[in-house]
Amino acid sequence: MRGRSLVGVAAGVALAATALAAPAEAGQQPRAAQQAHHMFSAAAASFIGANTVQQKVDRLSAAAAGLPRLANAYNTPTLWNQGVTGAGATVATLVSYGDADIKAVMDAYDQRNGLPPADISVITPAGAVPGCADSGVDTGTCQGWGGETDLDVAMFHTIAPAAKIVIVATPIAETQGFTGLPEMMAAVDYVARHKLVDVISMSFGTAEDTFPSVDSVKSLDPALERASRAGITLVASSGDYGATNPVLVGDGTFPYRAPSWPGSDPNVTSLGGTVLSTDANGNRTAPDALWPRSGGGVSKTYARPSWQNSVKSSTGSKFRSFPDITMEGIQGTSESAPLFAGVLALAVQANGGHSLGQINPALYGKLGPKAAKSGIVDVTSGDNSYGVVTGYTAAAGFDTVSGWGTLDAAKFVPALVKAVK
């Protein structure tokens, strides 16, 4: 998508949240009365209590200390040397609140790590975003979302240093369950309608089991479907609790398999997490293994899409399995999703600046079956059992918990561009 301008794009889209609101089931408290809370990764949670730019820079530097090595680990310098740096591509992170200090934080981070200044814009299409100290805002939750914002932007910029970055911030915190998601989907609709970005990354998730009903989950799909039709590639984290997920209220997890949305949604490319073994320069010293808490499994809501029919013998299910692919996730799969979004920004540039749209049919139909030629690297070790819940085991070829595996960007990007044409 070329020739776009974000000038004048800001708050001002009225959101009829009541039209999307999901009622509580009989016998439940109204959702607004429940004390649900967002489950941040340890990296994002480390920003809670950071009030100044310097504090945020220090937290980002500590949480993302190993981030610069990932460029080598995924072989992106080979593409950079060919002039493929993400120029002309625009990637967005969809977050609650965002971080008002993001530009100053990233300027300092870039200077520390020898990166060019990041081109960052912030939009608030679902309404003006409050400050973390404003009345009615949970300060810790707001600061955690600020940390997620900073981390996502750092991930994008490390992989695709010339890509434009848009922070799509919403005014209601996404917690567990339905809360905050209608505003996020209204924001997705705005971005799609105005053709503002090529890729949207979503580093959040909630168990399908926390929604009031299957219909309430699917009520969020039209925005994702419209974005996909507009040519936007949607990327989402697969979850950080193995084969299960946190309950709606309290600190526990479901004692059974509970898939994470939007990672389980067929409209998105779902990213699981791996553990990389590298030296100080990012050169791999051993094959990647599955991150033990990487989310993944089989949806209870979405039937198996036709593009997954080729792996039905592997999943053994009539429902959509996820993730589709994996990247480093030791900071949570909220790390792997923006890393992959950065790779997609490189692919957009390699595609002549044209968006890629829904890539899953190409991933399953052309790239995965020819893994060696398409830059897909198999992940064959690890499983995602969590607590009392037995998970899924990585294996040779496609498997439920690691999807097709991880990638070598220098091979994957040109193969993806060829496959989507």
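Laboratory data are not the source of any read-out in this text; all were calculated from the coordinates shown. Here the structure is a predicted model, which means the values were calculated and not measured. Quick reminder, even Gly has a Cβ in these numbers, built from the backbone with ideal geometry, and neighbours come from all protein chains shown.
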Practice task
Stick to Cα atoms and the Kirkwood definition of Rh, then tell me Rg/Rh for segment 364-421.
Solution key: 1.10
Handout entry: D_trans [Stokes-Einstein, Kirkwood Rh over alpha-carbon pairs] for the chain, 37 °C, 0.692 mPa s, µm² s⁻¹
Key = 157
Handout entry: Proxy reagent accessibility, fewest Cβ within 10 Å first, across Ile359, Ile172
Key = Ile172, Ile359
Handout entry: Inverse of mean 1/r across different Cα pairs in segment 82-152, Kirkwood, Å
Key = 13.8
Completion exercise
Residue span Val249 to Thr78: 0.36 nm per residue of separation minus Cα-Cα distance leaves a gain in nm of 56.9 nm
Handout entry: aspartates and glutamates with Cα under 20 Å of Lys103, excluding same-chain neighbours fewer than 8 positions away
Key = Asp58, Asp119, Glu148, Asp150, Asp152, Glu335
Practice task
Report ³J(HN,Hα) in whole Hz for each residue of segment 284-297, in order, from the Karplus equation J = 6.51 cos²θ - 1.76 cosθ + 1.60 where θ = phi - 60°; Gly and Pro get x.
Solution key: 5, 10, 6, x, 5, 10, 4, 5, x, 9, 4, x, x, x
Exercise for the section: Rounding to the nearest 20 debye, state how big the charge dipole of the chain is about its Cα centre with +1 on each Lys and Arg Cβ and -1 on each Asp and Glu Cβ. Expected result: 1420
Practice task
Just list whichever of Lys318/Lys366; Lys300/Lys366; Lys318/Lys418; Lys366/Lys411 have alpha carbons separated by over 25 Å in the model shown.
Solution key: Lys300/Lys366; Lys318/Lys418
Fill in the blank from the handout: Taking 299-307, 99-107 and ranking on average Cβ neighbours within 10 Å, highest first, one gets 99-107, 299-307
Practice task
Under 9 Å from the Cβ of Gly146, count the other residues' Cβ atoms, weight Lys and Arg +1, Asp and Glu -1, and hand me the total.
Solution key: -3
Practice task
Report the residues of segment 276-295 in range of a label on Ala396: point 7 Å along Cα→C-beta, backbone N strictly under 20 Å from it.
Solution key: 286-290
Practice task
For segment 183-239, count the residues as N, evaluate 2.2 N^0.38 Å, and divide the Cα radius of gyration by that value, please.
Solution key: 1.15
Problem - Listed peptides 238-244, 272-278 by packing density, highest first (mean Cβ within 10 Å) - result: 238-244, 272-278
Problem - Sum of -39500 (n - 2.57) over DSSP H runs of 4+, divided by residues of the chain (222 nm, nearest 500) - result: -8500 deg cm²/dmol
Exercise for the section: Whole Å is fine, so just give me how far the alpha carbon centre of segment 200-229 lies from that of segment 131-178. Expected result: 19
Handout entry: Net charge over other residues, Cβ less than 14 angstrom from the Cβ of Ala362 (K, R count +1; D, E count -1)
Key = +4
Exercise for the section: Can you check what the net charge comes to around Ala395, using other residues whose Cβ is under 15 Å from the Cβ of Ala395 (Lys, Arg +1; Asp, Glu -1)? Expected result: -4
Completion exercise
Computed Rg/Rh for segment 302-399 (Cα atoms; Rh = Kirkwood radius) stands at 0.97
Completion exercise
Honestly segment 49-130 on the Cα gyration tensor test (a ≥ b ≥ c root eigenvalues; a/c under 1.5 rounded, otherwise a/b vs b/c for prolate or oblate) is just oblate
Fill in the blank from the handout: Fewest-first ordering of Lys312, Lys56 by Cβ atoms within 10 Å yields Lys312, Lys56
Practice task
Express in whole angstrom the spacing between the alpha-carbon centres of segment 84-122 and segment 327-355.
Solution key: 14
Problem - Centroid-to-centroid separation of segment 245-323 and segment 376-421 [C-alpha atoms, Å] - result: 9
Problem - Projected area averaged over orientations for segment 193-336, convex hull of C-alpha atoms, nm² - result: 10.5
Practice task
Compute the convex hull volume of the Cα atoms of segment 114-172, divide it by the residue count, and report the result per residue in Å³ as a whole number.
Solution key: 88
Exercise for the section: For segment 128-230, compute Rh as the Kirkwood radius over C-alpha pairs and then the Stokes-Einstein diffusion coefficient at 25 °C and 0.890 mPa s; write the answer in µm²/s, rounded to an integer. Expected result: 162
Fill in the blank from the handout: Semi-axes in Å, largest first, for segment 254-314 (Cα gyration tensor, √(5λ)) are 28, 15, 11
